[in-house]
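A.B. asks: One structure coming up, written as structure tokens, with questions to follow.
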4 protein chains.
Amino acid sequence: MSRRKSRFLRKPVEPFAVTAGLSADELLSRMERISFQGRNLGTARRIWEKMLASDATIFLGTAGALSAGGMRMIIAHLIEHRYIDCLVSTGANLYHDLHETRGRRHFIGSPTLDDAALAAERIDRVYDTLASEDEFCRNDEWIAAFTLKLERRPYTTREYLYKLGEYLWKETSHQGILTAAYRANVPIFCPAIADSSIGMGISQGRHRDATAGQIDVIGDIIESANMVIRRPSTATIVLGGGTPKNFINQASVQAEFYSDKVTGHKYALQIVTDVPHFGGASGSSLEEAQSWGKLSIESEKVTVHGDVTLALPLLVSALETTSKDLLAKRKAPEFDVSGRLLVVNGHTLPDNRYSEA
Amino acid sequence: MSRRKSRFLRKPVEPFAVTAGLSADELLSRMERISFQGRNLGTARRIWEKMLASDATIFLGTAGALSAGGMRMIIAHLIEHRYIDCLVSTGANLYHDLHETRGRRHFIGSPTLDDAALAAERIDRVYDTLASEDEFCRNDEWIAAFTLKLERRPYTTREYLYKLGEYLWKETSHQGILTAAYRANVPIFCPAIADSSIGMGISQGRHRDATAGQIDVIGDIIESANMVIRRPSTATIVLGGGTPKNFINQASVQAEFYSDKVTGHKYALQIVTDVPHFGGASGSSLEEAQSWGKLSIESEKVTVHGDVTLALPLLVSALETTSKDLLAKRKAPEFDVSGRLLVVNGHTLPDNRYSEA
Amino acid sequence: MSRRKSRFLRKPVEPFAVTAGLSADELLSRMERISFQGRNLGTARRIWEKMLASDATIFLGTAGALSAGGMRMIIAHLIEHRYIDCLVSTGANLYHDLHETRGRRHFIGSPTLDDAALAAERIDRVYDTLASEDEFCRNDEWIAAFTLKLERRPYTTREYLYKLGEYLWKETSHQGILTAAYRANVPIFCPAIADSSIGMGISQGRHRDATAGQIDVIGDIIESANMVIRRPSTATIVLGGGTPKNFINQASVQAEFYSDKVTGHKYALQIVTDVPHFGGASGSSLEEAQSWGKLSIESEKVTVHGDVTLALPLLVSALETTSKDLLAKRKAPEFDVSGRLLVVNGHTLPDNRYSEA
Amino acid sequence: MSRRKSRFLRKPVEPFAVTAGLSADELLSRMERISFQGRNLGTARRIWEKMLASDATIFLGTAGALSAGGMRMIIAHLIEHRYIDCLVSTGANLYHDLHETRGRRHFIGSPTLDDAALAAERIDRVYDTLASEDEFCRNDEWIAAFTLKLERRPYTTREYLYKLGEYLWKETSHQGILTAAYRANVPIFCPAIADSSIGMGISQGRHRDATAGQIDVIGDIIESANMVIRRPSTATIVLGGGTPKNFINQASVQAEFYSDKVTGHKYALQIVTDVPHFGGASGSSLEEAQSWGKLSIESEKVTVHGDVTLALPLLVSALETTSKDLLAKRKAPEFDVSGRLLVVNGHTLPDNRYSEA
């Protein structure tokens, strides 16, 4: 046996030391030197900081019941302060956001409640969280009414959601995901809008007027890929997998098809509970994504295997403390989201053809 | 202590007995008397049989990478022999089906392959399964070319996919999910079509002609709910969660909103790997679904926690043996899927308004 | 793009074809050509066959609630027919086996039962399975009484469990894990016997006589490593992880420490639900085990990620059909388990020193 | 629809608000009002505080690779400051603690390292963490040498580990789990000591002297139950499941068998990654534990589904800030762990009979 340490044994694990009054920043900094998912969360902050220091357009994907579960003001904060540049979300997260921005609430419940009793009182349960079905029905009507105010032409989800945020802001003046995106001119895509209560609300608009509620999800594909084609580099942050994870990766693949200069996202961070070995996209590894060109072979990346509600508050609280300068210096892409076509740094992105210039 | 047995202790677990030459039917029958997920799979067959014996319209939802993973001919079989009446799928499962129906293949790989080496050879990895990216690109072009043959008007995914299946059948005469659905006149919905390579192919059609590739996902919502509104009862089988699981449940919720007679799916069977405690829809319990009215309070239901590739071959092989009579006697709904509007048992379902009659 | 197929794309996935009357063997054979955990289960059978065709001593580790869950007669079958040569188990699996061999039963329940009501009726729940606490108490007394019949000297768990199996057989003449091992002269180790109701029963023996109930778990370590040291090669089959998984690997590591000729298990098959990324031993990958020398670098190995009750009945039913000849030809090690020291093929293995000869 | 809110909808979810400079205490306090596992972690702190404010003897169980993964100084801190009163651990956690207390380190690696290369350099991998096998071998020798210094009589693991901690402290004067327990007179049980490198080290002591290394794991069962029998109430904190989880519950069950006054643990907190639906003890629900009498029907309890390295640093950092007064006022049981028999508040607990007085 050699006396010399192996090249593999260079950086020791530092046992986490307990201290009263530790800040979120200090806490997460100490976690960088432990193991397993704690370390991965520490690494996640550093990769996010690198995204902010780079020239990357940062996509955030949000699946699961994050808004109902108390994460919506974090997402709004990330949008407002441009920790991210584009949100891709399930409809549920936008709907539950709208619900609260409209002044309604989700409530603390328990997974062991009697669902027959809840059904009898018209209460909907999301694991340990509750909401009033009647209030949900009124949201649907509100969305239907809003939809009827729009022109009778197809809207990408990006344009539709901008208008929705605008209307919501004007009516409520409340902060939330949709209203923050409206005010910060940050685009939101919702590729599976038909699989959500937003979609149900739109369908109720059409029920009243057969010409209303035209949504152009194919336009979303083109617009999102054009965002990637035109940017020097891109980054992906995924919370929970689902359609947002794949849609962000798809933009990269589709863009690469049209432009040799696109080589996959340069940074990737995902917080997921799914695992790779069942073959689904939600749990798929970031290594696998490299085979597809979704991520660059040289990308910096980390997966945190854990619940977003457990990991995200600490991650963002720490990041908030250490990223002030990075945010101040950051040259985020400037969008005009208000029109039929998305404008990035003065360039209009078509929604009906792929285009480099 | 009483000598009398508790009311809870009535039906003993029967230890599984090993026998050579056991059939899939016998194997699964023995599993009904063991515990945990093995028992649940045994129960799943019995619930499926009850669906077939009832007046229910049976929805099947397929997420994950089932087609790439060797499950596509099972799904085609379920469609052809009317074990199910309506498929709700992710785009990926339809795309990978199209890939093989067009004569291409997926290949056996390993999760430990070097992804940089795969990327260099333009091979895409799905966990332990591989495919040629160049072949995928040619599929995309094929889909684009097909899309350009369609009229320049909005298509629901249901109508679009019927036409796609028809074209595929005429070109290949090969069995698969899309072609089986075309031939059996079984509707397919793909609520997140924008988040898939089918969507990418459509978008490439629009790239060539700005008026092509109009997809009406809101029409899907209305049509699927109208299917539920008009049927005496409904049932849901979910493989893997995702948008198909929610879309099938949403149809029930949306239908209930328009008709007092709708009270949630009467039978439910799901095979999922996600768990309830992170709050996401994929892993949500069937009990939780009852609070929403997605499932009837009296529904018969079972969740199998496991990988579909592990559970489905056994489940369907056993079912195939014992359901012959049930299938022969079954009065499945008769669809005409070929037109702009879906026809069920002679009644046309609108895609722009909710309607009971 | 080259016309020639990549070296990676050689063996296509074969979509599973549904056929009535399929046997377990045919079913599992078809699963070898699909993907994900279904394929892994197919591979598992082939690796087990290779174990049987080789000169390996085959260890089986059983954790979880397999006996309560209906798996005990499978394990007894594997012992009786020498699919395996040595069992390493949690105490719970042996205790629940003893419970049924003594004529008591576990019962079919549900995970949603009211636990307060169960507690009031003295019924113990294991997920969806129930048992009478009073019957358990009488088992404990039975074990205590048996323990008091033994000599007042330390017993390895291997010797103790042999005597327990012998006594159980003489009293009941019923087949089960303990009685099958007794009759087939197959050793059982229970490294965590103190963490089980077997241990509780022994402790009640000591409660009556302070000199009773001496268990020598350190002797188990030495004896199990000596089994590995003396054999040409070894194999490991793990159901569920836990202490049995590690104990079998530890035997290999400890053996290697004493003999250069030992190079880790040559074959490895595990069916586990835990995952690697939380750092625990139950979910640890077989690759990781290679870094430790637990497994040979050249080992053939497969992990099936799934519930044992879902995977094992199919695996063993298929194997039963195809392994007849292999079992007939197999030269399994011959044990004499009855004495203080374990005898393998005529050689006595010490329990107080590591020894190659 | 009634205007009055349902009784179920009383306490709203409060969206988490991002603030720079948040302390761990403030962070976790905000998480009490979100959903899913984040909320559960917030609740965990409050339950732990209730344990500290009560008259309960607090058991801590530690499984998984916590020490290698950077958690050992947290556990040492919990022991030193009497956040807990008794540790039940896997041998691995004590062994990796000893490794670092002896001045060796674990190292930061990656799960994608080449295990054949690691094996060639004699480096052992635990997911993303590495250690030198040669250093491990020297630990084994050190444990063997220590074991040979002990009397030639059976030791419970509790007594053995006290002596080990004492020796380690005298030799190194370094803080760690074993040395903290020695100095604070806190008992440690290791029910599966035979399944660990501690056990391997002891076995090497016996290899040198056949009369050395006698471990009395049955005495552990009796002693731990006697701890429960004599205490007004008990509480359980479980990190990771495994044998420690069950051993702590078993003490409660065994104690209840001997004393009507024992009614199960009064408080329970577990952080686990396993799930209930596969039937294993590690993932079993706290509700299920109530059916067995392991937990009191009235117990306050919470399960956090997540990785300990992700959850524990935040939990303990927050608790450290808010529990100063509780710790100061707490009347923890006073142990004398140094002798053959454990002494609690002046009363000697037998290790060979169950005893209330």
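Every read-out reported here was derived from the displayed coordinates using simple, explicitly stated rules and does not represent laboratory data. Worth saying up front: this structure is predicted, and the values here are computed from it rather than measured. Here Cβ is always computed from backbone atoms with ideal geometry, including for glycine, and neighbour counts include all displayed protein chains.
A.B. asks: In whole Å, what is the distance between the alpha-carbon centres of the range D:110-146 and the range A:272-324?
C.D. replies: 28
A.B. asks: For the range A:273-338, state the semi-axes of the equivalent ellipsoid (square roots of 5 times the eigenvalues of the alpha-carbon gyration tensor), sorted largest first and rounded to whole angstrom.
C.D. replies: Details: eigenvalues 149, 74, 33 Å².
Working from the Cα gyration tensor, I get semi-axes of 27, 19, 13 Å.
A.B. asks: Still on this structure, please answer the following. Rounding to the nearest 20 debye, state how big the charge dipole of the protein assembly as shown is about its Cα centre with +1 on each Lys and Arg Cβ and -1 on each Asp and Glu Cβ.
C.D. replies: Numbers: 168 positive and 172 negative charges, 0 e Å.
Dipole size: approximately 0 debye.
A.B. asks: Just to compare against my own numbers: the Cα pair-distance distribution for chain B, 20 Å bins, whole % per bin, please.
C.D. replies: Bins of 20 Å from zero give 29, 57, 14, 1, 0 percent of pairs.
A.B. asks: Shielding by partners for B:151-158, please: the mean number of other protein chain Cβ atoms within 10 Å of each residue's Cβ. Don't skip to the end; give the middle numbers.
C.D. replies: Working: counts 0, 0, 0, 4, 0, 1, 2, 0.
The shielding value for this peptide is 1.
A.B. asks: Okay, next question. Where the centre of each part is set by its Cα atoms, how far does the range D:154-209 sit from the range A:226-259, in angstrom?
C.D. replies: Answer, in whole Å: 54.
A.B. asks: Compute the acute angle (0 to 90°) between the alpha-carbon long axis of helix D:157-172 and the principal axis of greatest extent of the alpha-carbon atoms of chain D; round to the nearest 10°.
C.D. replies: The angle comes out near 70 degrees.
A.B. asks: Sequence-distant or interchain residues sharing an amide H contact under 5 Å with A:I215, placed H: which?
C.D. replies: Hits under the 5 Å cutoff: A:Y155, B:V217, B:I218.
A.B. asks: Rounded to whole Å and sorted largest first, what semi-axes of the equivalent ellipsoid does the C-alpha gyration tensor of the range C:316-357 yield via the square root of 5 times each eigenvalue?
C.D. replies: Numbers: eigenvalues 193, 23, 18 Å².
Result for the range C:316-357: semi-axes of 31, 11, 9 Å.
A.B. asks: For D:K301, give me every one of the lysines with a C-alpha distance below 18 angstrom, ignoring sequence neighbours fewer than eight places off in its own chain.
C.D. replies: Straight-distance partners of D:K301: D:K50, D:K245, D:K266.
A.B. asks: Just checking the output field for C:243-250: average partner chain Cβ neighbours within 10 Å of each residue's Cβ?
C.D. replies: Per residue, the number of nearby Cβ atoms from other chains is 4 on average.
A.B. asks: Taking the beta-carbon count within 10 Å as an exposure proxy, list C:H347, C:H96, B:H305 from fewest neighbours to most.
C.D. replies: C:H347, B:H305, C:H96
A.B. asks: Please list A:320-330, D:227-237, D:276-286 highest first by mean number of surrounding beta-carbon atoms within 10 Å per residue.
C.D. replies: Working: A:320-330: 15.0, D:227-237: 23.3, D:276-286: 25.1.
Final packing ranking: D:276-286, D:227-237, A:320-330.
A.B. asks: Between 0 and 90 degrees, rounded to the nearest ten: what's the tilt of helix D:242-258 against the longest Cα principal axis of chain D?
C.D. replies: For helix D:242-258, the angle is close to 80 degrees.
A.B. asks: Would you list D:H77, B:H106 from fewest to most Cβ contacts within 10 Å?
C.D. replies: With the fewest neighbours first, D:H77, B:H106 line up as D:H77, B:H106.
A.B. asks: Bin width 5 Å, alpha-carbon pairs only: give the P(r) of the range C:39-177 as whole percents, running from 0 to the bin holding the largest distance.
C.D. replies: Per 5 Å bin, starting at 0, the Cα pair percentages come out as 2, 8, 15, 19, 18, 14, 11, 8, 4, 1, 0.
A.B. asks: Given the protein assembly as shown, what percent of its DSSP beta bridges are antiparallel, to the nearest 5?
C.D. replies: Taking every DSSP beta bridge within the protein assembly as shown, about 30 percent pair in antiparallel fashion.
A.B. asks: Dividing the alpha-carbon Rg of the protein assembly as shown by 2.2 N^0.38 Å yields what?
C.D. replies: Values: Rg = 31.0 Å, N = 1428, 2.2 N^0.38 = 34.8 Å.
My calculation over the Cα atoms of the protein assembly as shown gives 0.89.
A.B. asks: Out of residues 5 or more away from D:V88 or on other chains, whose amide H comes under 5 Å of its own, with H placed 1.01 Å from N in the peptide plane?
C.D. replies: D:L60, D:G61, D:T62, D:F189
A.B. asks: Right, next: Of C:I108, C:I198, C:I188, which has the largest mean-square fluctuation in a 10 Å C-alpha GNM of chain C?
C.D. replies: Highest fluctuation of the listed residues: C:I108.
A.B. asks: For chain A, what does -39500 (n - 2.57) per DSSP helix run (n ≥ 4), summed and divided by total residues, give at 222 nm, in deg cm²/dmol to the nearest 500?
C.D. replies: Values: 14 runs with 163 residues, N = 357.
For chain A, the value works out to -14000 deg cm²/dmol.
A.B. asks: Restricting everything to alpha-carbon atoms, can you work out Rg to Rh for the range A:1-74 with a Kirkwood hydrodynamic radius?
C.D. replies: On the way: Rg = 17.4 Å, Rh = 15.7 Å.
My calculation puts Rg/Rh at 1.11.
A.B. asks: Per-residue Cβ counts within 10 Å, from other chains only, averaged over B:283-296: what number is that?
C.D. replies: Numbers: counts 5, 4, 6, 1, 9, 8, 4, 6, 19, 11, 4, 2, 2, 1.
Partner-chain Cβ atoms within 10 Å, mean over residues of B:283-296: 6.
A.B. asks: Which value, in Å³ per residue, describes the convex hull spanned by the Cα atoms of the range C:69-136? Show your work: numbers first, answer last.
C.D. replies: Working: hull volume 6.0 nm³, N = 68.
Taking the convex hull of the Cα positions in the range C:69-136, it is 88 Å³ per residue.
A.B. asks: So for each of B:49-55, C:126-132 I average, over its residues, the number of other beta carbons within 10 Å; can you give me the resulting order with the highest mean first? The partial results should precede the final answer.
C.D. replies: Numbers: B:49-55: 18.0, C:126-132: 24.6.
Final packing ranking: C:126-132, B:49-55.
A.B. asks: In a solvent-free Debye calculation with one equal scatterer on each Cα, what is log10 I(q)/I(0) for the range B:70-109 at q = 0.17, 0.19, 0.20 Å⁻¹, listed in the order of the q values?
C.D. replies: -0.49, -0.60, -0.66
A.B. asks: In 5 Å bins starting at zero, report the fraction of Cα pairs in the range D:136-235 per bin as a rounded %.
C.D. replies: 3, 13, 21, 24, 20, 11, 5, 3, 1, 0
A.B. asks: Quick one: work out Rg over Rh on the C-alpha atoms of the range B:235-357, Rh as Kirkwood radius.
C.D. replies: Numbers: Rg = 16.3 Å, Rh = 16.3 Å.
Reported Rg/Rh, Kirkwood definition of Rh: 1.00.
A.B. asks: Given the convex hull of the Cα atoms of the range B:256-308, what is a quarter of its surface area in nm²?
C.D. replies: On the way: hull surface 15.8 nm².
Result: 3.9 nm².
A.B. asks: A further question on this structure: If one computes the Cα centroid of the range D:21-42 and of the range A:9-65, what distance in Å separates the two points?
C.D. replies: So the separation of the two Cα centres works out to 17 Å.
A.B. asks: Pairs to check: A:K294/B:K170; C:K294/C:K324; D:K149/D:K170. Give those whose C-alpha atoms are more than 22 Å from each other in this structure. Provide the component values of the computation, followed by the final result.
C.D. replies: Values: A:K294/B:K170 34 Å; C:K294/C:K324 30 Å; D:K149/D:K170 14 Å.
Listed pairs above 22 Å: A:K294/B:K170; C:K294/C:K324.
A.B. asks: Averaging over every viewing direction, what projected area does the convex hull of the Cα atoms of the range A:167-304 cover, in nm²? Before the final figure, lay out the partial values.
C.D. replies: Values: hull surface 41.6 nm².
Convex hull of Cα atoms, orientation-averaged projection: 10.4 nm².
A.B. asks: Report, by chain and number, residues whose modeled amide H sits under 5 Å from the one on A:F335, excluding near sequence neighbours (fewer than 5 apart, same chain).
C.D. replies: When sequence neighbours closer than 5 places are left aside, the close amide H contacts are A:N345.
A.B. asks: Which ³J(HN,Hα) values in Hz, rounded to whole numbers, follow from the phi angles of the range B:139-148 under the Karplus curve 6.51 cos²θ - 1.76 cosθ + 1.60, where θ = phi - 60° and Gly and Pro get x?
C.D. replies: Values per residue, Gly and Pro as x: 4, 4, 5, 4, 5, 4, 5, 4, 4, 5 Hz.
A.B. asks: With θ set to phi - 60° and the Karplus curve 6.51 cos²θ - 1.76 cosθ + 1.60, what are the ³J(HN,Hα) couplings of the range A:188-203 in order, to the nearest whole Hz, using x for Gly and Pro?
C.D. replies: Working through the residues one at a time gives 10, 10, 9, x, 9, 4, 5, 10, 6, 6, 4, x, 4, x, 4, 5 Hz.
A.B. asks: Continuing with this model, one more query. Tabulate in residue order the Karplus-calculated ³J(HN,Hα) for the range D:315-331, using 6.51 cos²θ - 1.76 cosθ + 1.60 with θ = phi - 60°, rounded to whole Hz; enter x for Gly and Pro.
C.D. replies: 4, 6, 5, 5, 4, 4, 6, 9, 10, 3, 5, 4, 5, 5, 7, 5, 9
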